[in-house]
Every structure is written in C-alpha cells, then in structure tokens.
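Remarks on the structure that follows.
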Amino acid sequence: MAENKHQTNNASCSVLSWDQVSRLHTVLSEVVPVHGRGNFPTLKVTLKDIVQTVRGRLEEVNVQVHDVRLNGSAAGQVLVKDNGLGCKDLDLVFRVSLAGEAEFQLVRDVVLQSLLNFLPEGVSKLKISPMTLKEAYIQKLVKVYTEADRWSLISLSNNHGRNIELKFVDRIRRQFEFSVDSFQIILDSLLLYYSCSENPMSEHFHPTVIGESMYGDFEAAFNHLRNRLIATKNPEEIRGGGLLKYSNLLVRNFKPTDREQIKTLERYMCSRFFIDFPDILEQQRKLEQYLQNHFAEEDRSKYDYLVTLRRVVNESTVCLMGHERRQTLNLISLMALRVLVEQNIIPNATNVTCYYQPAPYVSDGNFSSYYVPDTCGQSYPTWLPCN
C-alpha cells in the first residue's frame, strides 16, 4: 500500500501515514455549521471541539468512553483523498457502555447540554431547556436496544446535508455495508495531542494514529477503496441488503472484485431489501430519502442511479411474486421519469397513464434516446432534444 507503510500485528488495523494524519487534522479542525430551526442561531462547531466537549461531560457523569472514532465516508476520504465516494455526513463513534434506559437518557442529555457551549456570545442560556435544544438542532434521534444491538444516534442538523452524526455504541452486529465504507480511525491519540502539546504537528513530530477496517482485512479494503472496487460479506445481514449503496457504487464507476460472485450477492441484496421493505410505500419512502441524502445536488447522477437500481432489481429479484416485482420496477421507472421532468428534459408528465422504463441514454449528435415502453410493455425509442 503506497500510503500505509506501517502495519500493526492486527490484519484489520494499520498506522496512518503523515499525509493521512494531516488530512485527518484538517477534517477535525474544519468549522461545520449546525443550523438552528426558527430563530435559533447557527452553531459553529469543529469535530475536535464537539468530541472533547461531549467526552468530558460523559466522564463527569461517570460514563466511560473506551475510544472515539471517525467512521464511514469521512474516514475513507482521510485514507484516500479522491476515492470517488464523496463525503457528506461526518460520523463519530463513541464506544461506551449502555446498560439500560438510564444510560441512553444520560448520553442524550449530555449531548444536548454540550450544545450550549457552542451558542454565540451574548445568547442567554439560562432558559434554554434540553427539549428546546432538541427541537432546534437535532435532525434525528435513534435508539436501538436489542440482545444483539445496543446503540444510539444523535444527528446535528446541517442545511446542506453535512450533518454531524454522534453514534454511541455498546454493541452492534454490523458496522459496514461494503469494504470501502468499513473504515474507522481511532482519534484518541490525536485528541490527547491537542490537549497536551503546544507544538504544531509535522511529518517528523505527530502522534501515531491507527485506522481499522471492520471488513477484517485492512490491506484488502484499502486496495478496494483506492482502486474503486466493490466487495462485501454476507449482504443478507445488512438492513436493506446494501442494495441502495451497491447501486450507488456502480453509478460512481466502482467495479465488482468478482463478477461471478456479485450475481449471487445481488440476489441476496434484493431479497433482504424486500424483506425489510415489503410494502411499496415503504420502498418509495426509503428510496426518496436515499436520493435526498446522496444525490441532492447531482441531478444527472440521480437519473443514472435510478436506471442502475432498476437494472439490478430487474435482473436479480427472485423472491417476489410477478405483480410485486412489476410494481417495484414501475415505481423506480416513474421516479426516473420525474427526474427527467424536473430537469426539463421531457415535458410535464402529470397526465401520463403508462409507465416509463428508463434506460441509459445514447447520445446521437444533439439528441439523446430514452426508452419508453407502451402499456403492452413493448419498448421503442423516443428521441428527445438535449438541453
């Protein structure tokens, strides 16, 4: 690995290079706005400040934090800067003990109280209750408490989709979907450096920072990320099967590591997706939410994504009755049609009674071809002028 020259004895871990530590420092030091609803002011937060504030308050109330980690796409971008995945949400994982409801409540209260530290000067804090802070700054609150999973998520709002997500984990069965999103970077050594050293970091003077791949083989996962390859294990264990993320990787020009095996994995992905989201309205809500979170400013990619998703569902779904399968395919087709309408590529289709089946467009001079099946299901090309 070009960037990770120092391996630990654990195959799932690696010591970060200076370039990676430098990028990590930039991510932790960047000011990220947390937008308030209504008349509440915007909070200017850095990841290192919110981590140190929350961690300090947890220790004050005797909640032990085993370590803190940067997770997901932000960790991937630190390891490989231009990896094709992009980075929106900033995911932080606090490993803590959550014995019961009291600990969940305590963690939530600590996070809300910590937000008071980031209010602008001159704002009176005396009458601001935790409930008020929750309504003003929290995008979502999640609590999972089962025999196998025990964790909570508190997401701080950002109007541009760059939410700061604080996850408090006691135990969790599955922490990644694909190898390229399996990375976590342990922040403790760098946080200690910020607290104890006044000297700026340099290539020859910086703390040792460890990265870990939840996929299990750091070197393999790093190679997948660097070369834009798709690999996973047991997709049937993933909520939703990883189907939506898999289609996202395909549309961003990631390629399967094993083209034969991926056909089997695609069937597992589709089966698990329809187990978790059996109702067509649930599928629609999930897909609309995914598009909003991952393609808010990528209109052309949004159409390509829906085309790719439809192909995977069409080729790999074996667990549905015929009418259920057609219903889902029609949903995806209609959503793709709406994207074309929003982009003014085709006229408003409010009164269209047939379902449109999108296919990748083919450029022909100043025109593009979109395939539109009639009500009998026979496809024919419709030529539309390009914008």
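The values are calculated or read from the model by the stated rules, or taken from the named source; none is laboratory data. This is a predicted model, so every value here is computed, not measured. As a convention, Cβ positions derive from the backbone with ideal geometry for all residues, glycine included, and neighbour counts pool all protein chains shown. Just the protein is used for accessible areas: all its heavy atoms, side chains included, with ligands, DNA and RNA removed. Shrake-Rupley method; radii C 1.70, N 1.55, O 1.52, S 1.80 Å.
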Quick one: what pairs do we get from the stretch 99-119, first residue of a type outside the set (Val, Ile, Thr), second in a helix (DSSP H, G or I) and surrounded by 17 or more Cβ atoms within 10 Å (Cβ to Cβ), C-beta under 6 Å, 6+ apart or different chains? LEU112/LEU133; SER114/THR53; SER114/VAL54; SER114/ARG57; LEU115/LEU133; LEU115/TYR137; ASN117/THR53
Qualifying positions in the stretch 107-124 - surrounded by 18 or more Cβ atoms within 10 Å (Cβ to Cβ) and among the small types (Gly, Ala, Ser): SER114
Give the number of residues within the stretch 165-214 that are of a type in the set (Phe, Trp, Tyr), surrounded by 14 or more Cβ atoms within 10 Å (Cβ to Cβ) and out of contact with any helix residue (DSSP H, G or I) (no Cβ under 9 Å at 6 or more places or on another chain). 1
Only listed residue being open to solvent by 20 Å² or more (accessible area, probe 1.4 Å) and either modelled with pLDDT of 95 or more or touching a Phe, Trp or Tyr at 6+ places or on another chain (Cβ under 9 Å) (or both), chosen from ALA220, ALA231: ALA220
Within the stretch 180-195, is there a residue that is touching a Pro at 6+ places or on another chain (Cβ under 8 Å) and in contact (Cβ under 8 Å) with a residue 24 or more places away in the chain? yes
Scanning the stretch 278-316 residue by residue, those closer than 21 Å to GLN139 by Cβ and either hydrophobic (A, V, I, L, M, F, W, C) or not in a helix (DSSP H, G or I) (or both) turn out to be LEU287, LEU291, PHE295, ALA296, GLU297, GLU298
Say whether the condition of being within 24 Å of PHE118 (Cβ to Cβ), modelled with pLDDT of 95 or more, surrounded by fewer than 19 Cβ atoms within 10 Å (Cβ to Cβ) and aliphatic (A, V, I, L, M) is met by at least one residue in the stretch 79-92. no
Looking only at the stretch 310-320, count every residue that is modelled with pLDDT under 80 and open to solvent by 90 Å² or more (accessible area, probe 1.4 Å) and tell me the total. 1
Any idea how many residues of the stretch 125-164 are open to solvent by 80 Å² or more (accessible area, probe 1.4 Å) and part of a loop (DSSP other than H, G, I, E, B)? 6
Has the stretch 266-275 got any residue that is within 19 Å of the chain's Cα centre (by Cα), outside any helix (DSSP H, G or I) and surrounded by 19 or more Cβ atoms within 10 Å (Cβ to Cβ)? no
Somewhere in the stretch 8-28, is a residue in contact with a Ser or Thr (Cβ under 8 Å, 6 or more places away or on another chain), open to solvent by 30 Å² or more (accessible area, probe 1.4 Å) and modelled with pLDDT under 90? yes
Mind telling me which of the residues VAL93, VAL111 ends up being under 23 Å from LEU192 (Cβ atoms), part of a strand (DSSP E or B) and of a type outside the set (S, T, N, Q)? VAL93
Listed residues VAL31, VAL61; which is β-branched (Val, Ile, Thr), open to solvent by 20 Å² or more (accessible area, probe 1.4 Å) and modelled with pLDDT under 95? VAL61
Consider LEU287 against the criteria (1) modelled with pLDDT of 95 or more; (2) among the aliphatic types (A, V, I, L, M); (3) in contact with a Gly (Cβ under 9 Å, 6 or more places away or on another chain): it satisfies all of them except one. Which criterion is unmet? (3)
Unmet criterion (only one of (1) more than 17 Å from GLY56 (Cβ to Cβ); (2) surrounded by fewer than 19 Cβ atoms within 10 Å (Cβ to Cβ)) for PHE104: (2)
Among the residues of the stretch 330-344, which ones are surrounded by fewer than 20 Cβ atoms within 10 Å (Cβ to Cβ), among the β-branched types (Val, Ile, Thr) and under 25 Å from the mean Cα position of the chain (by Cα)? none
